[in-house]
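Reading through the C-alpha cells given below for one structure.
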Amino acid sequence: MELSNFLAISQNFIDFTVAGIPSNSLDWLGSIISWLFDLFSDFYGAVAIGVIVFTLCLKTIVLPLDIYSRVKTKKQSLLMERMRPQMEKLQKQYANDKNMYSQKVMELQKANGYNPLGACLPMIISLVIFMVVFGSFSTYSNYATLMTYNNLVGAYNESVNKYVYATYDEEEAKSLLQLEEGASPEEITLTVAGKEGTYFIVNIKDGNGKDNFLIKTENADGKASYLVDFEKYSEYYKAVNAEFDAADFETKTEAEKFEVVGEYVRLNARKVSADYYREHKSATSFGWIGNLWYPDSMLNKEMPSFSDFKSSISRVVGNTASNYELSYNEVTYNLTAEKENFNGYFVLIVLAIGLMFLQQFIMMRSQKAANELSSVDGSAAKTNKWMMILMPVIFGVFSFFYSAAFSIYMIVNTAYGLVSTLIINKVVTVRFEKKGIDGGRKNTRPINRKRLK
C-alpha cells in the first residue's frame, strides 16, 4: 500500500475513545487484599465472599489478643462481683464524698488484685491492627470501584477500535514508513489537508495474537486520534446492518461519512460497555444488593451519578476525577435502569446495628458489677448505657456512607466477637469456679485482705 493511498483514506481524525482514570498503586497490604478477592472473582457474590474471608482471617490473626483481653476482663468482672458487698458498703458510707469513695475503692481493688487496666494493652494493639488493615481495605474498595469504571472504558474503546481504527500488517506498516527489516517504527511528519502533524505506528495484538499496526497522531491536548478507514468501516457496518447501502455510503462526502460513522460507533460502543457491565456484575452483586461497593440503601443507586462516583474514588485519585465526567457519562450512557435501581433496602445496615446492640448488651451484662460500683452514685452505669446506644448508632451512620461490603464486614466481625466472647466467658467462669480466681487452688482467703480505715 502506497503512502499516498493511505492518506486518501481520510483527511480527518476520529477521537471517539474515552479516557480511563489512572490511579495510585496499592500498597503491600492492599495487594494482599486484592489477591484474596481475586481468588473468588469467578463466583457469584465474589465481593461478599471476599469480605467474609477477609474478616475471618483478620479476626483469627488477632484472636490471641482478644482471648487474653477477654480472659482478663472476665477475671476482673468476677473479682468485682466478689468485692460487691464491701463496695456497696463503701457506697453507703461515702455517699456524699466521691473522692474518698474513689480512694477507698482503689485500696480495696489493690488489696484484692483487681486491675482495670489489665485488659487494655491487648485491646489497644488489636484496635491498631484493625485500623491499619481496615484502612487498606477501605482504600481497596475505592480502587475496585475505579477498576469497574476502567473496565467499562476498556470495553467501550475496544468497540471503537474494532469499527474505526485503520490497521495494517507488519509489511504494510514498514512500507508506509519506509522501514528496513528489523527496524523500529519511528515518528514521521506529514502534511494532511494542509495541516502538519506527527504520526507513528502503534503495535497491538489481535485476538489471534497477530501483529497489527495503527497509524496515530497526538492532538494538542495530548489525546490520541486515529485515521478512519472508511472501507473497513463499511464492511463491518454492512455485516451488522442489512439496511446499510454501501453504494450510497460511497457517494457521500467525507463529512457525511463521518456523521454516519460517528453515530454508529457511539451507539455501538455504549451498548458494548453496558453489556460488559451486566455480564460481569454478578461478582459485585449479592441478593437484593446491586453493587456491594455502595451502601445497602434506597438513598443510593446501583450505578451512581458521577458526583457520587467521584466522591467514592477520591482516596485513590484525589481531585483528578473531576476531569472525567464526560467519559463517565458516555460509558454508562446505556445503564439507565442501573442508575434508577435502588442499591438496597437498609437490610445490612439494620442487621449490623442490631448485632452491635446485642454485643454491647452482653458486654454490659458481663461487667455489671464494675459498671454499678465504679462510681459512688452509679453514674458510670448510666454512662455505659449511653455508650451501649451510641456505639451501634455511630457504626450505623458509617454504614450509610460506606459500602455494603463494610456492612458485611461489621456483621461478620460482630458475630465472630459475640461467639468468641460467649465461649471465653463460659470457659473462664467454669475454670475460676473450680480453681479460684487466683488459679491453682480454691481461694478461701477473705476478700478484705487489708483492713480499711
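The numbered conditions (1) out of contact with any strand residue (DSSP E or B) (no Cβ under 9 Å at 6 or more places or on another chain); (2) of a type outside the set (Val, Ile, Thr); (3) in a loop (DSSP other than H, G, I, E, B) are all true for residue 364 except (3).
Which pairs have Cβ atoms under 9 Å, sit 6 or more apart or on different chains, and link a residue in the stretch 72-98 that is more than 25 Å from residue 121 (Cα to Cα) to one that is of a type in the set (Phe, Trp, Tyr) and assigned to a helix (DSSP H, G or I)? Once the first residue is more than 25 Å from residue 121 (Cα to Cα) and sits in the stretch 72-98, its partners that are of a type in the set (Phe, Trp, Tyr) and assigned to a helix (DSSP H, G or I) give 90/101; 91/101; 93/101; 94/101; 95/101.
For residue 338, the conditions (1) assigned to a helix (DSSP H, G or I); (2) of a type in the set (D, E, K, R); (3) modelled with pLDDT under 85 all hold with the exception of (3).
Out of 136, 126, one residue alone is surrounded by 14 or more Cβ atoms within 10 Å (Cβ to Cβ) and either more than 25 Å from the chain's Cα centre (by Cα) or modelled with pLDDT of 80 or more (or both). It is 136.
Residues of the stretch 389-409 that are surrounded by 16 or more Cβ atoms within 10 Å (Cβ to Cβ), out of contact with any Leu (no Cβ under 8 Å at 6 or more places or on another chain) and under 16 Å from residue 141 (Cβ atoms): 402, 406, 409.
Of the residues 319, 343, which single one is touching a Lys or Arg at 6+ places or on another chain (Cβ under 8 Å) and polar (S, T, N, Q)?
343
Would you call residue 99 in contact with a Lys or Arg (Cβ under 9 Å, 6 or more places away or on another chain) and of a type outside the set (Val, Ile, Thr)? The answer is no for residue 99.
Out of the stretch 17-39, which residues are free of Cβ contacts under 8 Å to residues at least 60 places away in the same chain and in contact with a Gly (Cβ under 8 Å, 6 or more places away or on another chain)? Hits for the stretch 17-39 are 36, 39.
With the structure loaded, tell me whether residue 131 is farther than 30 Å from residue 316 by Cα and in a helix (DSSP H, G or I) or whether it fails that test. In short, no. In the list 279, 330, which residue meets the criterion of being among the acidic types (Asp, Glu) and loosely packed, with under 14 Cβ neighbours inside 10 Å? None of the other options fit; the residue is 279. Between 110, 104, 89, the distinction of being of a type in the set (D, E, K, R) and crowded, with 18+ Cβ neighbours inside 10 Å belongs to 104 only. For beta carbons closer than 9 Å, sequence separation of 6+ or different chains, a first residue in the stretch 249-275 that is assigned by TED's automatic domain parsing to the domain that holds residue 233 and a second that is at pLDDT 80 or above and of a type in the set (Lys, Arg), the qualifying pairs are 259/252; 260/252.
Out of curiosity, is residue 353 surrounded by 15 or more Cβ atoms within 10 Å (Cβ to Cβ) and either assigned by TED's automatic domain parsing to the domain that holds residue 150 or modelled with pLDDT of 85 or more (or both)? Give the derivation first.
Values: surrounded by 15 or more Cβ atoms within 10 Å (Cβ to Cβ): yes; either assigned by TED's automatic domain parsing to the domain that holds residue 150 or modelled with pLDDT of 85 or more (or both): yes.
Against the criterion (surrounded by 15 or more Cβ atoms within 10 Å (Cβ to Cβ) and either assigned by TED's automatic domain parsing to the domain that holds residue 150 or modelled with pLDDT of 85 or more (or both)), residue 353 qualifies.
The set of residues in the stretch 304-322 being of a type outside the set (D, E, K, R) and under 15 Å from the mean Cα position of the chain (by Cα) consists of 304, 309, 311, 312, 313, 314, 316, 317. Within the bounds of the stretch 309-317, is there any residue that is assigned to a loop (DSSP other than H, G, I, E, B) and either in the same structural domain as residue 144 (by TED's automatic domain parsing) or at pLDDT 90 or above (or both)? Among the residues of the stretch 309-317, at least one is assigned to a loop (DSSP other than H, G, I, E, B) and either in the same structural domain as residue 144 (by TED's automatic domain parsing) or at pLDDT 90 or above (or both), which makes the answer yes.
The values are calculated or read from the model by the stated rules, or taken from the named source; none is laboratory data. It should be emphasised that the depicted structure is a prediction, and the values quoted were computed from it without experimental measurement. Glycine gets a Cβ as well: all are built from the backbone with ideal geometry, and neighbour counts include every protein chain shown.
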